1. Select from 176, 135, 12 the residue farthest towards the positive end of the dipole of the chain; place +1 on Cβ of Lys and Arg, -1 on Cβ of Asp and Glu, and compute about the Cα centre.
2. Out of 222, 235, 204, whose Cα points farthest toward the positive end of the dipole of segment 194-238 (charges: +1 Lys, Arg; -1 Asp, Glu; placed on Cβ)?
3. Which whole-number percent is the relative contact order of the chain (Cα, under 8 Å, 6+ apart)?
4. Quote the charge dipole size of the chain about the Cα centre in Debye, to the nearest 20; the model charges only the Cβ of Lys and Arg (+1) and of Asp and Glu (-1).
5. Which of these, 225, 180, 210, has the largest mean-square fluctuation under a Gaussian network model of the chain (Cα springs below 10 Å)?
6. Give the ranking of 123, 142 by solvent-accessible surface, highest area first, calculated with a 1.4 Å probe.
7. If r is the Cβ-Cβ distance from residue 39 to residue 15 and R0 is 22 Å, what FRET efficiency results, to the nearest 0.05?
8. What GluC sites (Glu not before Pro) in segment 131-220 are in a loop by DSSP, with at most 13 other Cβ atoms within 10 Å of the Cβ?
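The values are calculated or read from the model by the stated rules, or taken from the named source; none is laboratory data. Since this is a predicted model, take the numbers as computed values, not measurements. Cβ placement follows ideal geometry from the backbone for every residue including glycine, while neighbour counts extend to all protein chains displayed. Surface areas here come from the heavy atoms of the whole protein model, side chains and all, with no ligands, DNA or RNA. Shrake-Rupley method; radii C 1.70, N 1.55, O 1.52, S 1.80 Å.
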Amino acid sequence: MHRFFLREGDAVDDRVFVITSEELLNQWTKVLRFRTGEKVILFHDDGKEYVGEITSLTPKMIQGNVMSVVVCDTELPVKIILAQSILKSPDKFELILQKGTELGVSEFYPLITKRTERESLNKFDRLQRIILEAVEQSGRVKVPVLHEPVKFEKLFQVPEIAVSQVLIPHFENSESISKAYSDGKIVTVCIGPEGGFLDQEVAFAREKGATAVGLGKRVLRSETAALIAVAQLAARME
(Lines give C-alpha, C1' and ligand atoms only; values in the text may rest on other atoms or scores of the structure.)
Protein backbone atom coordinates (compact mmCIF):
# COMPACT_ATOMS: atom_id res chain seq x y z
CA MET A 1 0.00 0.00 0.00
CA HIS A 2 1.09 3.54 -0.70
CA ARG A 3 1.79 5.72 2.34
CA PHE A 4 0.98 9.45 2.53
CA PHE A 5 1.46 12.34 4.93
CA LEU A 6 -1.68 14.46 5.11
CA ARG A 7 -1.35 18.02 3.81
CA GLU A 8 -3.17 21.15 4.92
CA GLY A 9 -6.88 20.72 4.15
CA ASP A 10 -6.82 16.94 4.51
CA ALA A 11 -8.43 15.22 7.51
CA VAL A 12 -8.68 11.79 9.10
CA ASP A 13 -10.17 10.27 12.23
CA ASP A 14 -10.94 6.76 13.43
CA ARG A 15 -13.81 6.37 10.95
CA VAL A 16 -13.26 8.37 7.74
CA PHE A 17 -10.74 10.43 5.78
CA VAL A 18 -11.18 13.37 3.41
CA ILE A 19 -8.56 14.57 0.92
CA THR A 20 -8.88 18.10 -0.47
CA SER A 21 -5.27 19.29 -0.78
CA GLU A 22 -4.27 20.02 -4.35
CA GLU A 23 -1.02 18.06 -4.01
CA LEU A 24 -2.60 14.78 -2.94
CA LEU A 25 -5.59 15.17 -5.26
CA ASN A 26 -3.22 15.53 -8.21
CA GLN A 27 -0.97 12.68 -7.07
CA TRP A 28 -3.82 10.25 -6.42
CA THR A 29 -5.94 10.98 -9.50
CA LYS A 30 -3.44 11.99 -12.20
CA VAL A 31 -0.17 10.28 -11.23
CA LEU A 32 -1.21 7.11 -9.39
CA ARG A 33 -4.69 6.97 -11.01
CA PHE A 34 -6.40 5.64 -7.90
CA ARG A 35 -9.94 4.28 -8.14
CA THR A 36 -12.56 3.43 -5.54
CA GLY A 37 -11.54 0.41 -3.50
CA GLU A 38 -7.86 1.44 -3.42
CA LYS A 39 -6.31 1.02 0.03
CA VAL A 40 -3.89 3.62 1.41
CA ILE A 41 -1.97 4.37 4.61
CA LEU A 42 -2.36 7.89 5.97
CA PHE A 43 -0.54 9.66 8.79
CA HIS A 44 0.15 13.05 10.31
CA ASP A 45 1.82 14.23 13.51
CA ASP A 46 -0.30 12.31 16.02
CA GLY A 47 1.94 9.22 15.98
CA LYS A 48 -0.63 6.96 14.31
CA GLU A 49 -1.15 5.30 10.93
CA TYR A 50 -4.63 5.10 9.42
CA VAL A 51 -5.33 2.31 6.93
CA GLY A 52 -8.17 3.43 4.70
CA GLU A 53 -10.13 2.49 1.59
CA ILE A 54 -11.24 5.03 -1.02
CA THR A 55 -15.02 5.18 -1.43
CA SER A 56 -15.46 8.19 -3.73
CA LEU A 57 -13.37 10.44 -5.99
CA THR A 58 -14.22 13.81 -7.50
CA PRO A 59 -11.93 16.52 -8.94
CA LYS A 60 -12.26 18.47 -5.69
CA MET A 61 -12.48 15.77 -3.01
CA ILE A 62 -11.57 12.17 -2.24
CA GLN A 63 -13.27 10.35 0.61
CA GLY A 64 -12.85 7.00 2.23
CA ASN A 65 -13.41 4.78 5.24
CA VAL A 66 -10.76 4.07 7.88
CA MET A 67 -10.36 0.32 8.37
CA SER A 68 -7.77 0.28 11.17
CA VAL A 69 -5.59 2.57 13.27
CA VAL A 70 -2.10 1.64 14.42
CA VAL A 71 0.08 3.44 16.97
CA CYS A 72 3.58 3.58 15.47
CA ASP A 73 6.86 3.09 17.30
CA THR A 74 9.21 4.03 14.46
CA GLU A 75 10.48 7.26 16.06
CA LEU A 76 13.64 7.33 18.16
CA PRO A 77 13.04 7.60 21.92
CA VAL A 78 15.23 10.72 22.11
CA LYS A 79 15.54 13.64 19.72
CA ILE A 80 18.61 13.88 17.47
CA ILE A 81 19.35 17.33 16.04
CA LEU A 82 21.79 17.40 13.11
CA ALA A 83 23.65 20.67 12.65
CA GLN A 84 25.20 20.08 9.23
CA SER A 85 27.52 22.49 7.47
CA ILE A 86 26.22 23.53 4.07
CA LEU A 87 28.19 21.63 1.44
CA LYS A 88 29.48 22.84 -1.89
CA SER A 89 27.46 20.16 -3.69
CA PRO A 90 23.67 20.58 -3.29
CA ASP A 91 23.24 16.88 -4.12
CA LYS A 92 25.33 15.82 -1.12
CA PHE A 93 23.37 18.06 1.22
CA GLU A 94 20.14 16.60 -0.15
CA LEU A 95 21.51 13.11 0.49
CA ILE A 96 22.15 14.01 4.13
CA LEU A 97 18.59 15.28 4.52
CA GLN A 98 17.14 12.15 2.92
CA LYS A 99 19.23 9.56 4.74
CA GLY A 100 19.28 11.53 7.99
CA THR A 101 15.50 11.49 7.95
CA GLU A 102 15.46 7.74 7.34
CA LEU A 103 17.82 7.24 10.28
CA GLY A 104 15.65 9.27 12.67
CA VAL A 105 16.88 12.88 12.77
CA SER A 106 14.25 15.21 14.25
CA GLU A 107 15.65 18.59 13.19
CA PHE A 108 18.21 19.88 10.69
CA TYR A 109 20.19 23.09 11.18
CA PRO A 110 22.23 24.07 8.08
CA LEU A 111 25.51 25.50 9.39
CA ILE A 112 27.67 28.32 8.09
CA THR A 113 31.28 27.86 9.23
CA LYS A 114 34.62 29.46 8.42
CA ARG A 115 35.28 26.91 5.66
CA THR A 116 31.74 26.81 4.29
CA GLU A 117 31.84 27.71 0.58
CA ARG A 118 28.09 28.30 0.21
CA GLU A 119 25.95 30.20 2.69
CA SER A 120 22.48 29.55 1.30
CA LEU A 121 20.29 26.59 0.38
CA ASN A 122 18.86 25.98 -3.06
CA LYS A 123 15.09 25.58 -3.44
CA PHE A 124 13.96 25.28 0.17
CA ASP A 125 10.65 23.75 -0.96
CA ARG A 126 12.51 20.99 -2.79
CA LEU A 127 14.52 20.16 0.34
CA GLN A 128 11.38 19.94 2.43
CA ARG A 129 9.82 17.65 -0.18
CA ILE A 130 12.87 15.37 -0.01
CA ILE A 131 12.44 15.14 3.76
CA LEU A 132 8.72 14.41 3.48
CA GLU A 133 9.25 11.68 0.88
CA ALA A 134 11.87 10.08 3.13
CA VAL A 135 9.38 10.11 6.01
CA GLU A 136 6.73 8.43 3.85
CA GLN A 137 9.21 5.82 2.61
CA SER A 138 10.81 4.97 5.95
CA GLY A 139 7.65 4.44 7.98
CA ARG A 140 8.19 7.43 10.26
CA VAL A 141 5.26 9.50 11.50
CA LYS A 142 7.07 12.71 12.48
CA VAL A 143 8.34 15.08 9.80
CA PRO A 144 11.75 16.58 10.69
CA VAL A 145 12.07 20.36 10.80
CA LEU A 146 14.47 22.05 8.37
CA HIS A 147 15.61 25.37 9.81
CA GLU A 148 17.09 28.35 8.01
CA PRO A 149 20.91 28.47 7.81
CA VAL A 150 22.65 29.65 10.98
CA LYS A 151 26.22 30.70 11.67
CA PHE A 152 28.19 28.24 13.80
CA GLU A 153 28.77 30.76 16.59
CA LYS A 154 25.05 31.57 16.74
CA LEU A 155 24.01 27.91 16.92
CA PHE A 156 24.80 27.73 20.62
CA GLN A 157 22.38 30.59 21.30
CA VAL A 158 19.42 28.55 20.04
CA PRO A 159 17.44 27.55 23.18
CA GLU A 160 16.92 23.90 22.24
CA ILE A 161 20.61 23.54 21.33
CA ALA A 162 21.67 25.13 24.61
CA VAL A 163 19.82 22.50 26.65
CA SER A 164 20.96 19.54 24.56
CA GLN A 165 24.15 17.52 24.67
CA VAL A 166 26.31 18.83 21.83
CA LEU A 167 28.73 16.39 20.20
CA ILE A 168 31.24 17.50 17.58
CA PRO A 169 33.13 14.79 15.68
CA HIS A 170 36.79 15.73 15.29
CA PHE A 171 39.43 13.41 13.87
CA GLU A 172 41.90 14.03 16.72
CA ASN A 173 39.56 12.48 19.32
CA SER A 174 39.33 8.78 20.05
CA GLU A 175 36.25 8.52 22.30
CA SER A 176 33.40 7.15 20.21
CA ILE A 177 30.24 9.17 19.75
CA SER A 178 28.06 6.37 21.13
CA LYS A 179 30.12 6.17 24.35
CA ALA A 180 30.12 9.95 24.79
CA TYR A 181 26.33 10.19 24.49
CA SER A 182 24.46 10.62 27.78
CA ASP A 183 21.44 8.31 27.80
CA GLY A 184 18.07 10.01 27.67
CA LYS A 185 19.38 13.44 26.74
CA ILE A 186 18.51 15.37 23.57
CA VAL A 187 21.64 15.38 21.44
CA THR A 188 22.93 17.80 18.82
CA VAL A 189 25.55 16.55 16.35
CA CYS A 190 27.66 19.24 14.66
CA ILE A 191 29.26 18.21 11.36
CA GLY A 192 31.86 20.38 9.64
CA PRO A 193 32.21 21.21 5.94
CA GLU A 194 34.70 19.92 3.40
CA GLY A 195 38.03 20.28 5.23
CA GLY A 196 36.40 20.06 8.64
CA PHE A 197 36.03 22.57 11.46
CA LEU A 198 38.92 24.86 12.28
CA ASP A 199 40.68 24.08 15.56
CA GLN A 200 39.44 27.46 16.83
CA GLU A 201 35.84 26.43 16.08
CA VAL A 202 36.26 23.18 17.98
CA ALA A 203 37.78 25.08 20.90
CA PHE A 204 34.87 27.54 20.83
CA ALA A 205 32.36 24.67 20.87
CA ARG A 206 34.12 23.10 23.83
CA GLU A 207 33.94 26.40 25.70
CA LYS A 208 30.17 26.29 25.12
CA GLY A 209 29.95 22.82 26.62
CA ALA A 210 30.29 20.64 23.52
CA THR A 211 32.15 17.33 23.63
CA ALA A 212 34.59 16.45 20.85
CA VAL A 213 34.27 12.81 19.75
CA GLY A 214 35.69 10.41 17.19
CA LEU A 215 34.08 8.38 14.41
CA GLY A 216 36.89 5.92 13.80
CA LYS A 217 40.45 5.86 12.52
CA ARG A 218 39.73 7.07 9.00
CA VAL A 219 39.15 10.59 7.72
CA LEU A 220 35.56 10.80 6.49
CA ARG A 221 33.82 13.09 4.04
CA SER A 222 31.32 15.45 5.60
CA GLU A 223 28.26 13.60 4.31
CA THR A 224 29.70 10.25 5.45
CA ALA A 225 30.51 11.59 8.92
CA ALA A 226 26.99 12.94 9.34
CA LEU A 227 25.27 9.67 8.52
CA ILE A 228 27.67 7.49 10.51
CA ALA A 229 27.30 9.75 13.56
CA VAL A 230 23.51 9.63 13.40
CA ALA A 231 23.48 5.88 12.75
CA GLN A 232 25.71 5.18 15.77
CA LEU A 233 23.56 7.35 18.02
CA ALA A 234 20.34 5.79 16.75
CA ALA A 235 21.71 2.31 17.38
CA ARG A 236 22.71 3.33 20.92
CA MET A 237 19.24 4.79 21.62
CA GLU A 238 17.37 1.77 20.30
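1. The residue sitting farthest along the positive end of the dipole is 176.
2. Result: 235.
3. 19
4. The calculated dipole for the chain is roughly 480 debye.
5. The residue with the greatest mean-square fluctuation here is 180.
6. Details: 123 150, 142 80 Å².
Descending order: 123, 142.
7. 0.90
8. Loop-located and lightly packed - 172, 175.
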